[in-house]
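A short write-up of the structure that comes next.
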Amino acid sequence: MSTQEIVNKLWNLCNVLRDDGITYHQYVTELTYILFLKMAQETKNEGNIPEAYRWGELVQLDGIRLKERYQAALLGLGKVGGIVQEIYQDASSNISEPANLNKIIKHIDQLDWFSARQDGLGELYEGLLEKNATEVKSGAGQYFTPRPLINVMVELMAPKPGERINDPAAGTFGFMIAAHEYIKKHHDLFKLADADYQFQIHEAISGCELVRDAHRLALMNAMLHGLECKLVLGDTLSEAGKSMKGYDLVLTNPPFGTKKGGERPSRDDLTIGSSTSSSISSSISTAR
C-alpha cells in the first residue's frame, strides 16, 4: 500500500465523524492526538508515554471504557513534559460518540504501517496536512503554503549545513521541513562531526507559530521528520520576538492584514510598516 493510499484511507475516516459535527480542521487535530500514539509505537519511542495511555492499551478497549481512557490520555499527556506535553497541552476531544472513536482507532491499527515506515511517517503526515489545506471548508490554507511554492523558494535559497534557519510564521512547519530535507539531499549529514550533526538536528532549524492548533501540527511534523528543534508558541510581532535574531536564512509566508477589534502586542524595533494593499503574501530573505 502506497503512502498516498494510506493518506486517503485516513482522510476518509473523517466521514465517520460527520454526525459528531466535527470539521476537517478539528479532525486533523484529533487525528494528530491519535496518530502520535500509534506512531510512537511504530517507531518504538514510547518511553515518555505512560503505559496506560500507550497504543497497545487503547486498541484493546472499546465503548465507554475506550472513550474514558482516551480522554484521560489527553489530559495526562498534557502534563508529562517535553514534546509530548507541548502537543497535548490543553488538548480536548471533539468525538462524542464512543463507537466512532472505536472505529477510527481500529481502522488506524489495521493500516499497512510497514509500508508507511518504509516511505517515511513524515511523508504520510505531510500528506494529511496537504489534504486538509486543499479542503476549502477546513480553512487550513491560512497556515499551509503549497508545497511546489515552498520547494521553489528552498531551491533558490539552497540552505547548507551549519546555517541557522528560521520561520517566524511557521504554520505547519513546511518551509523548515523542506529546508531540512534539501540539506539532507545535497549533503551527507552522517559525515558531519558529531557536534555539527547535533547542531543540525537540535539548533539549525527553528520557528514560531501563534495559533496553538497549528503549533501542535508543526511539532508533530518536525518530530516525524527527525527534528528536535525549537518551535515557539507565541507572537513573533510581540516583545518575545525580539530574541529571534541572528539567523543566516529566513524562509516564511507571513500573514498580512490590518488589526481589527482588539489590539495585539507590537515590537518597537520594527520600523517598516505594512498594509493589506501594499504587502505581498509571501517573502523570502536572508538575515546575516
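Below are the figures for this structure:
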{"read-out": "Cα gyration tensor shape of the range 1-58, rounded if a/c is under 1.5, else prolate or oblate by comparing a/b with b/c", "value": "oblate"}
{"read-out": "The chain: angle of helix 63-77 to the longest principal axis, Cα-based, in degrees nearest 10", "value": "30"}
{"read-out": "Peptides ranked, highest mean first, by Cβ atoms within 10 Å: ranges 71-82, 213-224", "value": "213-224, 71-82"}
{"read-out": "Of all accessible heavy-atom area on the range 75-134, the percent that carbon and sulfur account for (1.4 Å)", "value": "43"}
{"read-out": "Ordering of 173-186, 35-48 by packing [mean C-beta count within 10 Å, highest first]", "value": "173-186, 35-48"}
{"read-out": "For residue 208, distant residues with modelled amide H under 5 Å away", "value": "167, 169, 170, 232"}
{"read-out": "Label zone at residue 4, where the point sits 7 Å out along the Cα-to-Cβ direction: the range 179-198 residues whose backbone N lies under 11 Å", "value": "none"}
{"read-out": "Accessible surface, the range 33-119, averaged per residue in Å² (probe 1.4 Å)", "value": "50"}
{"read-out": "Shape category assigned to the chain from the gyration tensor of Cα positions, a/c cut at 1.5", "value": "prolate"}
{"read-out": "C-alpha long axis of helix 147-157 to longest principal axis of the chain, angle in °", "value": "40"}
{"read-out": "C-alpha long axis of helix 3-12 to longest principal axis of the chain, angle in °", "value": "70"}
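The values are calculated or read from the model by the stated rules, or taken from the named source; none is laboratory data. The model shown is predicted, which means the values in this text are computed figures rather than measured ones. With ideal geometry, Cβ positions are generated from the backbone for all residues, glycine too; neighbour counts draw on all protein chains shown. When the accessible area is computed, the model is the full protein with side chains, heavy atoms only, and any ligands, DNA or RNA have been set aside. Shrake-Rupley method; radii C 1.70, N 1.55, O 1.52, S 1.80 Å.
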